Amino acid sequence: MTEHYARKRFGQNFLSDPNIIRKIVDAIRPAVGDTIVEIGPGLAAMTDPLVERLGHMHVVEIDRDLIARLKERYTPERLTIHEGDALKFDFGTLGAPLRVVGNLPYNISTPLLFHLASFAESVTDMTFMLQKEVVMRMVAEPGTEEYGRLSVMLQYRFRMARLFDVPPGAFRPAPKVTSSIVRMVPLPPEQLGAEDEELLGRIVAAAFGQRRKTLRNTLRDFIDEQDFAALGVDPGLRGERLSVTDYVNIANHVAKKGVSA
Ligand code: SAM
């Protein structure tokens, strides 16, 4: 096979360390009968051992050269290849329960995580490799520097755990940063609690839009001093001090008042 040159615009860094590949596949724990989709199979570093254990799986890949290689390598009975952009892919078409895995293209990781969150109801779990810095933001606790919109919106929907780190040397070409493996398990729908999730999203975006400003300023279009008092939230705080539950309470309070900022 001809050499494939890593394409920066598709965030291509290919896993090449067999011990790390084994460790990731073990962490996924694939079982015959699971419906698994891998985002960005690339040169099939993870796909190979996964297909080996599963018999069949799905992949979503955008790079035509890589798709051509995958078609040469696997029959459709073993691999269903969905050609195109994972950001636009309807994961709902693969049926439920679905397991999602991938060494994600880092340049689109945040929008991809938000896109995937919209399919949480049909998903059992997701295991991803991402930039460590992004994983630290996903699992961050209130009051820390890493805690922000990504933390609140993902923690609202998922239980998440950082499993282990992967050094740059495990890839070809080596990225500049350390990566981490994160597991995301959707919370049961009855535990979520926001009456209007779109409104929750807007409130969280406003609270973290200007990180240095207090809630009194950032949430002024949604709640006033009386509301803060009723909610027991200090308006002099900044957005990073509030828990996910605080944001859900604020959103439900606003929904009840019927305010649409
Ligand atoms: N899984 C391989 C590995 O671990 O060696 C490759 C990982 S590489 C970091 C990211 C992969 O995602 C590449 O194969 C790239 O072509 C693919 N990719 C990039 N953007 C994509 C998108 N928007 N939709 C689907 N695949 C994408």
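Of all residues being open to solvent by 30 Å² or more (accessible area, probe 1.4 Å) and within 13 Å of the ligand (Cβ to nearest atom) in the stretch 23-44, which is farthest from the chain's Cα centre (by Cα)? Just the residue, please. This residue is Leu43. Among what's in the stretch 49-74 and is surrounded by fewer than 14 Cβ atoms within 10 Å (Cβ to Cβ) and under 18 Å from Val32 (Cα atoms), pick the residue that is nearest to the ligand (Cβ to nearest atom). This residue is Glu52. Only one of (1) in contact (Cβ under 8 Å) with a residue 60 or more places away in the chain; (2) open to solvent by 60 Å² or more (accessible area, probe 1.4 Å); (3) within 20 Å of the chain's Cα centre (by Cα) fails for Arg202. Which number is that? Every condition holds for Arg202 apart from (1). For Ile81, are the conditions met, namely being within 12 Å of the ligand (Cβ to nearest atom) and crowded, with 19+ Cβ neighbours inside 10 Å? For Ile81, the condition - within 12 Å of the ligand (Cβ to nearest atom) and crowded, with 19+ Cβ neighbours inside 10 Å - is not met.
Considering the conditions (1) open to solvent by 40 Å² or more (accessible area, probe 1.4 Å); (2) away from the ligand (no atom under 15 Å from the Cβ); (3) in a loop (DSSP other than H, G, I, E, B), Glu121 is excluded by exactly one of them, (3). Checked against the criterion of being modelled with pLDDT of 95 or more, touching a Ser or Thr at 6+ places or on another chain (Cβ under 7 Å) and over 17 Å from Ala170 (Cα atoms), the stretch 30-50 contains one or more residues that satisfy it. Taking every residue in the stretch 141-157 that is assigned to a loop (DSSP other than H, G, I, E, B) and pairing it with any residue that is not charged (D, E, K, R), at least 6 positions away or on another chain, the pairs with Cβ-Cβ distances below 7 Å are Glu141/Tyr147; Pro142/Leu242; Pro142/Ser243; Glu146/Met136; Glu146/Ala140; Tyr147/Ala140; Gly148/Phe208. For Gly201, state whether it is part of a helix (DSSP H, G or I) and closer than 18 Å to Asn13 by Cα. No: the conditions fail for Gly201.
For the stretch 1-22, the tally of residues that are out of contact with any Leu (no Cβ under 8 Å at 6 or more places or on another chain), more than 7 Å from the ligand (Cβ to nearest atom) and not basic (Lys, Arg) stands at 10.
The values are calculated or read from the model by the stated rules, or taken from the named source; none is laboratory data. Everything numeric here is computed off the predicted structure, so don't read it as measured data. Cβ sites come from the backbone with ideal geometry, for glycine too, and all protein chains shown count toward neighbours. When the accessible area is computed, the model is the full protein with side chains, heavy atoms only, and any ligands, DNA or RNA have been set aside. Shrake-Rupley method; radii C 1.70, N 1.55, O 1.52, S 1.80 Å.
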